[in-house]
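Q: I have a structure here, written as structure tokens, and I will follow up with some questions on it.
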Amino acid sequence: MKRSSRILACFSAILLLATFKFPFWVIYLIAPQYPEGLEMFIWLHKVSGDVETINGLNHYIGMSIIDENTFVEFKVLPYIISFFILSGLLIGILGRRTLFMIWTATLVLFSFLAVYDFWHWEYAYGHHLDPDAPIKIENMSYQPPLIGYKKLLNFEAYSYPHGGGWFYISSVSIALLTAGIELKHKAHKKKVHV
């Protein structure tokens, strides 16, 4: 790998450290009775914010309680991200192009799986409702948006990356950019040698 690519590879891995420091995602709810809004921050290993209030509201419409202890993701995600950090740094230091391409492809694949898992979690919470809930509305589901905005009864729901999520997106983007640079460099070298 080119020296600049090796630096970028290490930088991409280092950026992932921020996912331990900042929340990964935020779901923000606003309604007439909550004009200041309610926030739920999703970290690599926990949820925080107005979770108890949100759970209290969810009870009325039959949604399950959000309990971080029921999510296996919170137990394994810190180890997965640590693996990407350490392996990315090692590959960047060694400068092995093939290993870096595998690392980048694995990081991208993991990203798609993580997005699907998050969507599936939201779907389950929004659709699998308690039939004995105090408030029942025929054919109504309460799945928050994966990203962006959605109206849920009298609540406006917003879902978007927080600090850790933006650092993660930056890391993946830099890895993809570096992989593109390396592929172009490899093709150019082959052309020169022909």
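The values are calculated or read from the model by the stated rules, or taken from the named source; none is laboratory data. Source: prediction; values computed, not measured. With ideal geometry, Cβ positions are generated from the backbone for all residues, glycine too; neighbour counts draw on all protein chains shown. Areas reflect the complete protein model, heavy atoms only, side chains present, ligands, DNA and RNA absent. Shrake-Rupley method; radii C 1.70, N 1.55, O 1.52, S 1.80 Å.
Q: May I ask you to verify whether Asn139 is on the phi > 0 side of the Ramachandran plot and of a type outside the set (Val, Ile, Thr)?
A: In short, yes.
Q: Any idea how many residues of the range 138-168 are open to solvent by 80 Å² or more (accessible area, probe 1.4 Å) and farther than 20 Å from Lys21 by Cα?
A: 5
Q: Given (1) at pLDDT 90 or above; (2) farther than 30 Å from Arg3 by Cβ, where does Gly126 come up short, assuming only one miss?
A: Checking Gly126 against (1) at pLDDT 90 or above; (2) farther than 30 Å from Arg3 by Cβ, the one that fails is (1).
Q: Checking the structure you have, find out if any residue of the range 169-184 is among the basic types (Lys, Arg), part of a helix (DSSP H, G or I) and either open to solvent by 50 Å² or more (accessible area, probe 1.4 Å) or touching a helix residue (DSSP H, G or I) at 6+ places or on another chain (Cβ under 6 Å) (or both).
A: Among the residues of the range 169-184, at least one is among the basic types (Lys, Arg), part of a helix (DSSP H, G or I) and either open to solvent by 50 Å² or more (accessible area, probe 1.4 Å) or touching a helix residue (DSSP H, G or I) at 6+ places or on another chain (Cβ under 6 Å) (or both), which makes the answer yes.
Q: Here are some residues: Pro35, Pro23. Which one is without any contact (Cβ under 8 Å) to a residue 60 or more places away in the chain and out of contact with any Cys (no Cβ under 8 Å at 6 or more places or on another chain)?
A: Just one listed residue meets the conditions, Pro35.
Q: Still on this structure, please answer the following. Which of the residues that make up the range 101-134 are in a helix (DSSP H, G or I), more than 21 Å from Pro161 (Cβ to Cβ) and open to solvent by 80 Å² or more (accessible area, probe 1.4 Å)?
A: Ile102
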